[in-house]
Every structure is written in C-alpha cells, then in structure tokens.
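Q: My structure is below; once you've seen it, I'll send some questions.
The values are calculated or read from the model by the stated rules, or taken from the named source; none is laboratory data. Just so you know, these numbers come straight off a predicted model, no measurement behind them. With ideal geometry, Cβ positions are generated from the backbone for all residues, glycine too; neighbour counts draw on all protein chains shown.
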Amino acid sequence: MTRLAGGTRPPAAGLGLLYVTERLAERLGDVATLLRERFPGVQWIGASAHGICSTGVEYSGEAALAAMICELPAGSWRVFSGHPDIAPDWEMREVAAANETPAAFTALVHVEPTTPELAESIAALAARLDTGFLFGGLVGGGQPDSDQLAGRLVRGGLSGAVFGDQVRLLSRVTQGCAPLAREHVISQCSSHYIQRLDGEPALDVLLADLGVAAEVRESRDGDEILRALPAERLSNGLMVGLAPASGDRGIGFADYAVRNVLGIDPQNRLLAIAATPRPGDRAVFCTRDGHAARADLIRICTELREELEGESLRVLGAHYVSCVARGEQLFGAPGAELGIVAHNLGEIPLVGFFANGEIARDRVYGYTGVLTLFVAPRRDAGA
C-alpha cells in the first residue's frame, strides 16, 4: 500500500486508487472489500487492466495489484460511475456553491472499451469540466465488460473521480512513436480512408515520405509497392498521427493521436487507417521507436521537474497510464519505463495501469504514456 502523504497512521478518509492485473479481475470486489475493512474511511475507485504499475515496477501476466490512498482536502473530490449520461449531482454543486467557484475542474476516468460512441462520450465528459482536462484510460484488458470500482462494483460506461480546484495536478503526454517525415493536412477523406493529403493522393504522399523510388510510386501493383517499402524503418509498424487543425501546435508531436495504417489502395491511391479522420486534420506518418520513447519520457519528466522547482511544489503522488505496446516491449526490460520516471522525479508514490487507449484532455491516444502528478506547495515555500 502506498500513500500520498507520509506517516504510519491509517488515513481517516480519502480516495483510494486500486488496479489489478487480469489474473485478479474476478477478485476485484474481494480485494476492495478487504481494503474497505482495513481503511473504512476510504472510498475506492479502480479496475483491472492488461498490466499494472507502481513506483519503478510493472506487472502483467501474473496476479498483482497496486493501490494508493490519496488524502485530499475534504469536499475536493467525488466518485462517479455509469454510462455516458452521468447524473448532474456528480458535479459537486454544493461544494461549488460554498466556494462560489466551479468545483468540477479535472477528472480521473476509467472507460469500458465497448462503450458506445466512446470518443464522443469522453469529449462530452471533458466539456463538463472547468478545465476540460481528463486523465485515465481504457480498462479491462482482454476481458470485455469487466467490473470497475467506483465506491462499489459497476459495469460499463465511464467511472472515476472528479476533482475540485483544491486538488492541484500537473500532467504530460509522452509519445512512443517518432515521426517519419513532415506534417501534412488532410484535404479529402471519408469513413476510415484518407484520400488526399495537401491536395495530393494520400498514397503518393506516403511513398514520397518513405523515400520510395519515383518509378515505383507511380505503380498500380500493390505487391511491387509493398516490396519497395523501407522494411527496416518500418520494422515496428507504420502509423499515422492525427491532430485537429485547431490544436495547440506548441505541444508538438505529443498532441498527435497515433493510429495504425491498415492498408493501401494502389488503384484509388488512398490509405485505410484505424480512425475516422476529418478534413483539415493534421497528419504525420510515424513508427514505434524505443529511443524516441525514452527521450520523450525523459523530456516530460524534465518539464515536470522544472515546473515543480519553479513553483516550489512537492509531489504527493503520481498516476501513470501507459499503452500496452510500451513497457518491456518498447523499453527493453520490465520496469525500465517506470525506472525512467523514478530516476528523473525521485521515488515518488505512483500507481497506474497499461491500457489499449490512453486518455488525456478530451481525447483517446495510442502508444503514449500519460503521467499526472498530485502536487502541493512545499512546506518550506516562502520561508
């Protein structure tokens, strides 16, 4: 058990975060019952996932759990659960009235992957927050419609906790992919197909980005085109990063939601992707890259550390959601990814899970990590 605040006394009240691996998915309720008996004043949220993580370690394929108790200011958070139509009282209206400020600032959200209109539901939830900021991910691992924990066992839809402005958070998204070429603008698309980029046939743009010879780029023979692709550059897959035209370009590549390129149509010169693009979206072709992932994780940790030092803040605890395709597969050894966080931010209390989709702000990402810190002023600040 890891606690946000130091000391050995059992917390009188708080928000508990509990994650279990798939091997313990059916025991989630039993584990929660034991924790409630041990910490009767704590309300628990959580879920099962492909894998879980804690400070410096990760677990998958075995029975394991990670738990953390957040001792937050009274009235600064509320658990919610259910389908996309969440009851209005989750917004902590009485707290808002007492403080004369909107209370629903941010939220930690767990989402069942089979939720209807999933992306729209997440965006709608974010729109009901003062900051529009969510963090979390798709839960359940390979077990569809598995139990979630939101004070009690629930099933389906979204669940988690909403935080008021008394709970200070710092958060960053880190990518596990590296761009292969420059950014483009989607000028024509339909359903799951990109037809034109920058006004040119999408397949032609892709082949040019990959350095395929000009004579092959004009071919209508799919096998010939596939043989000409740079196999070594694409050994970790071919993806496309998508970002809205109105997005903050200052965020850089972290603003892209990465999706797989599923196929090519040599006759119609288009691409099939695992997303529904929109005209005007920005697009960049990319591939999974361990070196880039390591460098980007160090980057966000450095940014967070500088923000902590610049504002005289201390870390109370951390929450991390990483793509199931990251972890050992991308960083080379179990716990290496979490080790980078610990090396750069210290041995801070941390819990989280590995997901098939990571949530930051109002979007579902892929191949990313979402690192969120609970922070407070340093005790010696201003001394």
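Q: Looking at segment 88-113, which of its residues are of a type outside the set (Asp, Glu) and modelled with pLDDT of 90 or more?
A: Hits for segment 88-113 are Phe105, Thr106, Ala107, Leu108, Val109, His110, Val111, Pro113.
Q: Identify the single condition in (1) part of a strand (DSSP E or B); (2) buried (at least 24 other Cβ atoms within 10 Å of the Cβ); (3) in contact with a Phe, Trp or Tyr (Cβ under 9 Å, 6 or more places away or on another chain) that Ala178 does not satisfy, given that it satisfies every other one.
A: Here Ala178 clears every test but (2).
Q: Every residue in segment 28-62 that is of a type in the set (Gly, Ala, Ser), over 23 Å from the mean Cα position of the chain (by Cα) and over 19 Å from Gly14 (Cβ atoms), please.
A: Gly29
Q: Can you find, within segment 101-143, the residue that is nearest to the chain's Cα centre (by Cα) among those that are of a type in the set (Val, Ile, Thr) and in a loop (DSSP other than H, G, I, E, B)? Even if it seems obvious, please write down each step before you answer.
A: Narrowing segment 101-143 to residues of a type in the set (Val, Ile, Thr): 101, 106, 109, 111, 114-115, 122, 131, 139.
The next check asks that each one be in a loop (DSSP other than H, G, I, E, B); those that pass are 101, 114-115, 131, 139.
Details: Thr101: 28, Thr114: 17, Thr115: 17, Thr131: 17, Val139: 11 Å.
Only one residue tops the list, namely Val139.
Q: Related question: What are the residues in segment 301-342 that are out of contact with any helix residue (DSSP H, G or I) (no Cβ under 8 Å at 6 or more places or on another chain) and loosely packed, with under 15 Cβ neighbours inside 10 Å, if any?
A: Scanning segment 301-342 gives Glu303, Glu306, Glu307, Glu309, Gly310, Glu311, Ser312, Gln329, Ala333.
Q: Filter segment 290-300 for residues that are crowded, with 20+ Cβ neighbours inside 10 Å and in contact with a strand residue (DSSP E or B) (Cβ under 6 Å, 6 or more places away or on another chain); which is nearest to Arg196 (Cα to Cα)?
A: So, considering only residues that are crowded, with 20+ Cβ neighbours inside 10 Å and in contact with a strand residue (DSSP E or B) (Cβ under 6 Å, 6 or more places away or on another chain), the one nearest to Arg196 (Cα to Cα) is Asp296.
Q: Name the residues in segment 24-77 that are under 21 Å from Leu345 (Cβ atoms), β-branched (Val, Ile, Thr) and crowded, with 19+ Cβ neighbours inside 10 Å, would you?
A: Ile52, Thr55, Ile69
Q: Taking Leu138, is it buried (at least 20 other Cβ atoms within 10 Å of the Cβ), over 28 Å from Gly75 (Cβ atoms), among the hydrophobic types (A, V, I, L, M, F, W, C) and at pLDDT 95 or above?
A: Considered against the rule, which asks whether it is buried (at least 20 other Cβ atoms within 10 Å of the Cβ), over 28 Å from Gly75 (Cβ atoms), among the hydrophobic types (A, V, I, L, M, F, W, C) and at pLDDT 95 or above, Leu138 comes out as yes.
Q: Moving on to the next point. If I filter segment 197-232 down to residues being free of Cβ contacts under 8 Å to residues at least 12 places away in the same chain and within 30 Å of the chain's Cα centre (by Cα), which single residue comes out as surrounded by the fewest Cβ atoms within 10 Å (Cβ to Cβ)?
A: Glu232
Q: Taking Ala318, is it closer than 24 Å to Ala257 by Cα, touching a residue at least 40 places away in the same chain (Cβ under 8 Å) and in contact with a Leu (Cβ under 7 Å, 6 or more places away or on another chain)?
A: So Ala318 passes the test.
Q: If you check Ser48 against the conditions, is it among the hydroxyl-bearing types (Ser, Thr, Tyr), under 27 Å from Phe133 (Cα atoms) and either modelled with pLDDT under 95 or not assigned by TED's automatic domain parsing to the domain that holds Val162 (or both)?
A: The answer is no for Ser48.
Q: Then there's this: Return the only residue of Ile264, Ile300 being among the β-branched types (Val, Ile, Thr) and in the same structural domain as Glu347 (by TED's automatic domain parsing). Walk me through it before giving the result.
A: Working: Ile264 fails: in the same structural domain as Glu347 (by TED's automatic domain parsing).
Unique residue meeting the criteria: Ile300.
Q: Out of all the residues in segment 355-366, is one or more more than 25 Å from Gly164 (Cα to Cα), assigned by TED's automatic domain parsing to the domain that holds Phe133 and hydroxyl-bearing (Ser, Thr, Tyr)?
A: no
Q: Would you point out the residue of segment 307-334, among those that are out of contact with any Pro (no Cβ under 7 Å at 6 or more places or on another chain) and in a loop (DSSP other than H, G, I, E, B), that is farthest from Pro73 (Cα to Cα)?
A: Residue satisfying both the conditions and the ranking: Gly332.
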